[in-house]
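Heads up: the structure comes next, in structure tokens.
The values are calculated or read from the model by the stated rules, or taken from the named source; none is laboratory data. What you are looking at is a predicted structure, and each value in this text was computed from that prediction instead of being measured. Positions of Cβ are generated from backbone atoms using ideal geometry, with glycine treated the same way; all protein chains shown enter the neighbour counts. Note: accessible area is taken over every heavy atom of the protein model, side chains too, but ligands, DNA and RNA are not part of it. Shrake-Rupley method; radii C 1.70, N 1.55, O 1.52, S 1.80 Å.
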Amino acid sequence: MDDYEQFKVTYFAECSELLADVEIQLSALSEGSTDPEVLHAIFRAVHSIKAGAGAFKFVKLAEFSHQFEALLDRMRDGRIAVTKDGVNLLFRASDILSALVECAESISEPGEEFGKDVLDEILKTINVDDPKSDPGSADNAQPEEVAEITGPKTYLISFAPKTELFKHANEPLLIVRELKTLGEVIAEPDVSTLPALGKMDGEEAYISWNFTLISEASRADVQEVFEFVTEDCTLNIEIEGQTAAEQEQDTKAAKSGSGALGKSAQAAGKQTAGASKATSIRVDLDRIDRLVNMVGELVITQSMLSQQTLDLPKDQFPDMVRGLGELAVHTRELQESVMAIRMQPLKSVFSRMPRLVRELSAKLDKKVKLVTIGENTEVDKTVVEEISDPITHMIRNSLDHGLEMPDERAAAGKSEEGTVTLSAEHRGGRIIITISDDGQGINRAVVLKKARERGVIAENATPSDDEIDNMIFAPGFSTAEKVTDVSGRG
């Protein structure tokens with residue numbers, strides 16, 4: 001695998017994490033959270049996905065995430081209110097974004113109309129709710145027209161990176177490549193601030209650049225090339241042949257026409273800078289498995305040595321005995337530490353459930369609140385991967401069969417809103433995952449009747465309550481009268 005492909009693999013792994021975080025934040029938003037950091041976090045995630053999509057030329061993904069980002073920017077600065085319909089739109093946009101990431105990863109092309117309805121709704125929301133989109137508003141009053149320079153324009157660009165540019169995962173070479181897509185580029189490096197070789201820091205940027213770009217692209221297009229480094233550089237863009245007044249006016253027009261160039265990109269840049277101190281590294285799972293196996297062999301060897309030296313006289317070999325004792329302690333600690341590397345919090349699974357409950361409760365016309373407890377409980381990675389489907393299935397059944405309709409709950413003296421609780425905890429060396437609800441419980445009479453009809457038990461059998469409860473786990477067993485897209489197949 002070459003470096004380029006390896007970067008793409010890393011990008012898609014990061015996208016998976018970012019999209020999972022978006023789900024968590026959207027769930028908080030749907031539950032009425034007013035914490036501004038929620039929208040900021042969603043914006044940062046979409047912004048990061050957009051940045052990578054642009055670098056790898058995933059055009060549709062970049063275009064959609066750009067508009068998604070613009071909607072989020074208007075929501076977080078209050079230009080668009082965060083309403084129930086708005087949150088629903090964010091959920092739908094997140095689904096499209098996730099699907100486009102999958103298409104990019106599998107090198108498949110989505111249909112021309114894919115996501116168009118959501119994109120149109122985003123654009124409509126932006127244009128309707130943003131006062132600047134109103135041609136007649138004072139805020140959107142257009143300045144006097146500047147004499148348009150027809151044909152190719154010559155841009156004179158001064159780009160001076162700050163020393164911390166590389167530390168924020170930016171690369172001037174990518175900017176040069178992007179400029180070359182707009183037209184002919186002449187690059188002149190300025191090495192006047194380059195220190196002596198012995199004083200250089202490999203993680204700091206020293207070289208400034210003067211670019212001459214000959215292109216028919218607009219100033220907004222040129223500025224967008226530098227969109228992700230605006231906080232990490234000093235940038236000046238001029239068009240040859242324009243007066244100072246025209247330059248200023250053209251710059252204002254470019255800023256107003258660039259959806260995420262101004263405040264959005266700068267805010268994202270600040271957030272990225274603040275989050276640039278890595279607290280974890282990404283390691284291939286095969287390497288971890290090899291490490292686990294090697295440590296296992298080491299533990300076995302240490303145990304064999306300890307066993308063989310039990311008969312050694314301690315007074316003749318005190319250092320060896322003491323050393324073997326210390327080796328045993330350190331080996332056990334090493335084994336525990338290595339095994340802990342494979343452990344992951346159940347949060348990655350639990351975070352998917354609020355969306356499931358939200359959508360399913362709307363489909364069933366029920367009011368449901370999901371409570372999660374112990375989502376930071378850690379289990380082995382393989383367990384995390386396998387446990388999602390069973391939990392999903394049980395929660396679907398809890399909503400469909402366990403919780404009553406709001407009027408039935410009210411008649412029974414309950415709150416109209418049902419509660420499903422998903423919890424995880426360490427208990428006696430095991431991980432206990434519990435799913436419970438405050439609904440009507442298992443109708444044992446119906447379960448027993450269905451079990452006899454299906455031949456699960458004999459007609460004259462008299463099972464205990466626990467045995468009846470366990471019958472619902474028989475393959476294909478269901479008490480539903482008809483199969484629906486929610487449940488009914490067991």
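Select from region 400-428 the residues that are free of Cβ contacts under 8 Å to residues at least 60 places away in the same chain and closer than 23 Å to residue 479 by Cα and list them in ascending order.
The answer is 402, 403, 404, 405, 406, 407, 408, 409, 412, 418, 419, 421.
Are any of the residues in region 457-470 outside any strand (DSSP E or B), open to solvent by 60 Å² or more (accessible area, probe 1.4 Å), farther than 25 Å from residue 359 by Cα and touching a helix residue (DSSP H, G or I) at 6+ places or on another chain (Cβ under 7 Å)?
Of all residues in region 457-470, those outside any strand (DSSP E or B) come to 457-470.
After this cut, where a residue has to be open to solvent by 60 Å² or more (accessible area, probe 1.4 Å) as well, the list is 459-460, 462, 465-467, 470.
Subsequent filtering for residues that are farther than 25 Å from residue 359 by Cα retains 459-460, 462, 465-467, 470.
Those left that are additionally touching a helix residue (DSSP H, G or I) at 6+ places or on another chain (Cβ under 7 Å): 459, 465.
Yes, region 457-470 has at least one match.
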_Hits in region 432-449 (condition: open to solvent by 30 Å² or more (accessible area, probe 1.4 Å), under 23 Å from residue 392 (Cβ atoms) and at pLDDT below 90)_ = 440, 441, 442, 443
_Suppose the filter is over 38 Å from the mean Cα position of the chain (by Cα), aliphatic (A, V, I, L, M) and either open to solvent by 50 Å² or more (accessible area, probe 1.4 Å) or within 30 Å of residue 289 (Cβ to Cβ) (or both); does residue 411 pass it?_
yes
_Let me spell it out: the conditions are (1) part of a helix (DSSP H, G or I); (2) in contact with a Phe, Trp or Tyr (Cβ under 7 Å, 6 or more places away or on another chain), and residue 422 meets all of them except one. Which number is the exception?_
(1)
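Just the residues that are in contact with a Pro (Cβ under 9 Å, 6 or more places away or on another chain), under 29 Å from residue 164 (Cα atoms) and modelled with pLDDT under 70, please, taken from region 218-261. Outline the logic, then answer.
Taking region 218-261 and keeping what is in contact with a Pro (Cβ under 9 Å, 6 or more places away or on another chain), we get 229, 232-234, 249, 252-253.
Still in the running and under 29 Å from residue 164 (Cα atoms): 229, 232-234, 252.
Matches in region 218-261: 252 only.
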*asked:* Looking at region 214-231, I want the residues that are outside any helix (DSSP H, G or I) and have a partner that is among the aromatic types (Phe, Trp, Tyr) with Cβ atoms under 8 Å, at least 6 apart or on another chain. Which pairs are those?
replied: 214/155; 215/155; 226/159
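Within the group 85, 77, 73, which residue is modelled with pLDDT under 85 and not aromatic (Phe, Trp, Tyr)?
On the way: 85 fails: modelled with pLDDT under 85; 73 fails: modelled with pLDDT under 85.
Exactly one residue qualifies, and that residue is 77.
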*Filtering region 125-142 down to residues that are surrounded by 11 or more Cβ atoms within 10 Å (Cβ to Cβ) and part of a loop (DSSP other than H, G, I, E, B), which residue is modelled with the lowest pLDDT?*
137
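Considering only residues that are open to solvent by less than 60 Å² (accessible area, probe 1.4 Å) and of a type in the set (S, T, N, Q), which ones fall in region 368-386?
Going through region 368-386, the residues open to solvent by less than 60 Å² (accessible area, probe 1.4 Å) turn out to be 368, 370-372, 374-375, 377, 379-381, 384.
Selection gives 372, 377.
Return the only residue of 113, 121 being of a type outside the set (A, V, I, L, M) and not in a helix (DSSP H, G or I).
Details: 121 fails: not in a helix (DSSP H, G or I).
Sole residue among the options that is of a type outside the set (A, V, I, L, M) and not in a helix (DSSP H, G or I): 113.
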*Does any residue of region 387-398 turn out to be open to solvent by 60 Å² or more (accessible area, probe 1.4 Å), in contact (Cβ under 8 Å) with a residue 40 or more places away in the chain and not in a helix (DSSP H, G or I)?*
no
*With the condition kept exactly as written, say whether any residue in region 301-312 is open to solvent by 60 Å² or more (accessible area, probe 1.4 Å), at pLDDT below 80, more than 30 Å from residue 12 (Cα to Cα) and touching a helix residue (DSSP H, G or I) at 6+ places or on another chain (Cβ under 6 Å).*
no
*When region 161-191 is examined, which residues are found to be over 14 Å from residue 227 (Cα atoms), touching a Phe, Trp or Tyr at 6+ places or on another chain (Cβ under 8 Å) and either of a type in the set (A, V, I, L, M) or open to solvent by less than 40 Å² (accessible area, probe 1.4 Å) (or both)?*
185, 186, 187, 191
*Residues in region 56-67 that are within 18 Å of residue 114 (Cβ to Cβ), in contact (Cβ under 8 Å) with a residue 12 or more places away in the chain and surrounded by fewer than 24 Cβ atoms within 10 Å (Cβ to Cβ): how many?*
5
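Restricting the search to region 68-103, which residues are hydroxyl-bearing (Ser, Thr, Tyr) and more than 14 Å from the chain's Cα centre (by Cα)? Step through it out loud before you land on a result.
Our first condition is that a residue be hydroxyl-bearing (Ser, Thr, Tyr); within region 68-103, this holds for 83, 94, 98.
Selection gives 83 alone.
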*Please find, within region 474-490, the residue that is modelled with the lowest pLDDT out of those that are under 23 Å from residue 361 (Cα atoms) and open to solvent by 50 Å² or more (accessible area, probe 1.4 Å).*
489
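Residues to consider are 70, 53; find the one that is open to solvent by less than 50 Å² (accessible area, probe 1.4 Å), in contact with a Lys or Arg (Cβ under 9 Å, 6 or more places away or on another chain), in a helix (DSSP H, G or I) and in contact (Cβ under 8 Å) with a residue 24 or more places away in the chain. Walk me through how you get there before you give the answer.
Values: 70 fails: in contact with a Lys or Arg (Cβ under 9 Å, 6 or more places away or on another chain).
Exactly one of 70, 53 is open to solvent by less than 50 Å² (accessible area, probe 1.4 Å), in contact with a Lys or Arg (Cβ under 9 Å, 6 or more places away or on another chain), in a helix (DSSP H, G or I) and in contact (Cβ under 8 Å) with a residue 24 or more places away in the chain, namely 53.
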*What residue, of 290, 332, 342, 358, is free of Cβ contacts under 8 Å to residues at least 12 places away in the same chain, surrounded by 11 or more Cβ atoms within 10 Å (Cβ to Cβ) and of a type in the set (D, E, K, R)?*
290
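On the basis of being without any contact (Cβ under 8 Å) to a residue 24 or more places away in the chain, of a type in the set (Val, Ile, Thr), open to solvent by 40 Å² or more (accessible area, probe 1.4 Å) and under 22 Å from residue 359 (Cβ atoms), does residue 34 make the cut?
Values: without any contact (Cβ under 8 Å) to a residue 24 or more places away in the chain: yes; of a type in the set (Val, Ile, Thr): yes; open to solvent by 40 Å² or more (accessible area, probe 1.4 Å): yes; under 22 Å from residue 359 (Cβ atoms): no.
So residue 34 fails the test.
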*Give me the pairs: first residue in region 192-207 and exposed (fewer than 11 other Cβ atoms within 10 Å of the Cβ), second residue not in a loop (DSSP other than H, G, I, E, B), beta-carbon distance under 7 Å, and six or more apart or on different chains, which are they?*
203/166; 203/167
*asked:* Just to be sure before I move on: is residue 365 open to solvent by 70 Å² or more (accessible area, probe 1.4 Å) and under 22 Å from residue 28 (Cα atoms) in the structure I sent?
replied: yes
